[in-house]
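Enquirer: Handing you a structure now.
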Amino acid sequence: MGCVHGKCCTRYPSSSDGDSGRRREKRPYKCKHILTQRSLELVPVPSHNFTLQFSVLTQHGYYPDTVERENQDSFCIKTQLQGNPNIHFFGVFDGHGQYGAECSNFVKDRLVERLANDTTLLDDPLKAYNSAFLATNSELHDSEIDDTMSGTTAITVLVVGDTLYVANVGDSRAVIAVKDGDRILAEDLSEDQTPFRKDEYERVKLCGARVLSVDQVEGLKDPNIQNWGDEYSQGGDPPRLWVPDGMYPGTAFTRSVGDSTAEKIGVIAVPEISVVRLTRNHLFFVVASDGVFEFLSSRTVVNMAAEYADPRDACAAIAGESYKLWLDNENRTDDITIIIVQIKGLSNSGASATDNEVDCGPMVMKSIKGSFDTSSVSEPEETYGSVRTDLYDTQQSCQHSVSMNRSAAIVVPSPMMHQRPSQLDV
């Protein structure tokens, strides 16, 4: 869910980020997946004797009024960051606005480059992460790309040994699967940054933003009612951010990289960072654009991914289901990008902790929100009530369950199969 003018997503890279494929040392599986057209990829984490097995899929959105528009999503998978076999990066970037594709591609390249060149990364990964986001935002402002009304969200996971550092700007999401006896639980690793969040709403209001739905700003509903319920009862007309005296920019998120106009009313590039220590109960994590989570809950995504031994099959199944649900509910689809990373062989024994690791016990998450530092225990998601769930206490700062059998490939449905009768009449 991006700006009111729509979202646009990015070119499909020839490799994970344009060059990481050339650096990867271990590629035992040569057969490409039918739909993803990718080989199954593995990378070891020798410091803790486990392996990451992963795949990615990006699906161009269907926009009947602008069929020529490019995919504005982009992604970056960079293994062995800084030449260190224990540091790996996974990120999804969801561009929006006229130059959203350019913005998402710029940010996915520069952000990881900033991290790769930061000599303090191992000593203080939180500071390095925050610095990389802010520096990339400034570089985008100074680049030849017009980010006045364009930008990108970013959801990224940095693996350092057995610790995950999850940095989020915007409304894409990361979620991790946790084995609990005979159950598999879904725990959000990030929290969507939208005006539905009280802390984010209050922050942007203090920065001068008007927060109104499209119907409110157009005078069809009372603008004084500043209560929009939950995100999914109002999904079709969510609260958006507007300048005090104009009907723009209309962003449905409160943080992004770029968006220089929206930045003036509180849309910031400061990431919220969560830190999670992996245990043997962590099975896999998912990093995906909001095109996946618009109609699928975190729990449903984890349940679906758990049905497949091959992460390529899981990516295909989830992308196909997301695409179908978009067409069931709207006359278009968003761009869809998903990375699934399986955690293989982690035993938490026989591995010495490195100096930079954060000692967070099982199921414990440390959440850093802007300039605030809070710690909380992440509660497992137990119900399907709300499609997107909140797992953290927040602080103010101004700066469908689906069960599917294993298949070789899940074919994304044709938009024509889902058009309503009225839409077939020209």
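The values are calculated or read from the model by the stated rules, or taken from the named source; none is laboratory data. As the structure is a prediction and not an experimental result, all values here were calculated from the model. All Cβ positions, glycine included, derive from the backbone under ideal geometry; neighbour counts span all protein chains shown. Quick note on the areas: whole protein, heavy atoms, side chains included, nothing else; ligands and nucleic acids left out. Shrake-Rupley method; radii C 1.70, N 1.55, O 1.52, S 1.80 Å.
Enquirer: (1) surrounded by fewer than 23 Cβ atoms within 10 Å (Cβ to Cβ); (2) closer than 22 Å to Thr254 by Cβ; (3) in contact with a Phe, Trp or Tyr (Cβ under 9 Å, 6 or more places away or on another chain): which one isn't true of Val169, the others all being true?
Expert: (1)
Enquirer: Taking Ser55 and the conditions (1) hydroxyl-bearing (Ser, Thr, Tyr); (2) outside any loop (DSSP other than H, G, I, E, B); (3) modelled with pLDDT under 60, which numbered condition does it fall short on, given that it satisfies the others?
Expert: The one condition Ser55 does not meet is (3).
Enquirer: Looking at Pro28, Pro85, Pro64, which one is at pLDDT 95 or above, assigned to a loop (DSSP other than H, G, I, E, B) and over 17 Å from Ile155 (Cβ atoms)?
Expert: Exactly one residue qualifies, and that residue is Pro85.
Enquirer: Could I ask something else about it? Suppose we filter segment 286-305 for residues that are farther than 18 Å from Gly170 by Cβ and touching a strand residue (DSSP E or B) at 6+ places or on another chain (Cβ under 9 Å); how many remain?
Expert: 6
Enquirer: Hey, can you tell me all the residues within segment 161-178 that are of a type outside the set (Phe, Trp, Tyr) and in a strand (DSSP E or B)?
Expert: Of everything in segment 161-178, those that are of a type outside the set (Phe, Trp, Tyr) and in a strand (DSSP E or B) turn out to be Thr163, Leu164, Val166, Ala167, Asn168, Val169, Arg173, Ala174, Val175, Ile176, Ala177, Val178.
Enquirer: Check segment 276-292 and report whether any residue there is buried (at least 24 other Cβ atoms within 10 Å of the Cβ), modelled with pLDDT of 95 or more and touching a Phe, Trp or Tyr at 6+ places or on another chain (Cβ under 6 Å).
Expert: yes
Enquirer: Now for a different question. Among the candidates Pro239, Pro195, single out the residue that is of a type outside the set (S, T, N, Q), buried (at least 17 other Cβ atoms within 10 Å of the Cβ), in contact with a Pro (Cβ under 9 Å, 6 or more places away or on another chain) and farther than 26 Å from Val157 by Cβ.
Expert: Pro239
Enquirer: Sticking with this structure for a sec: For segment 179-199, does any single residue satisfy the condition of being assigned to a helix (DSSP H, G or I) and either assigned by the TED database to the domain that holds Glu330 or of a type in the set (A, V, I, L, M, F, W, C) (or both)?
Expert: Scanning segment 179-199 turns up no residue that is assigned to a helix (DSSP H, G or I) and either assigned by the TED database to the domain that holds Glu330 or of a type in the set (A, V, I, L, M, F, W, C) (or both).
Enquirer: Name the residue, out of Ser39, Ser20, Ser47, that is at pLDDT below 60, surrounded by 15 or more Cβ atoms within 10 Å (Cβ to Cβ), among the hydroxyl-bearing types (Ser, Thr, Tyr) and out of contact with any Leu (no Cβ under 8 Å at 6 or more places or on another chain).
Expert: Just one listed residue meets the conditions, Ser20.
Enquirer: Can you name the residue in segment 137-159 that is polar (S, T, N, Q) and under 16 Å from Ser172 (Cβ atoms) and, of all such residues, is surrounded by the fewest Cβ atoms within 10 Å (Cβ to Cβ)?
Expert: Among those that are polar (S, T, N, Q) and under 16 Å from Ser172 (Cβ atoms), it is Thr156.
Enquirer: Cβ-Cβ below 7 Å, separation at least six or inter-chain, first residue in segment 106-125 and in the same structural domain as Asn84 (by the TED database) and open to solvent by less than 10 Å² (accessible area, probe 1.4 Å), second aliphatic (A, V, I, L, M) and assigned to a loop (DSSP other than H, G, I, E, B): which pairs?
Expert: Note: pairs meeting the criteria are Leu115/Leu121.
Enquirer: Select, from Asp123, Asp118, Asp146, the only residue that is part of a loop (DSSP other than H, G, I, E, B) and more than 30 Å from Pro85 (Cα to Cα).
Expert: Only one candidate qualifies: Asp146.
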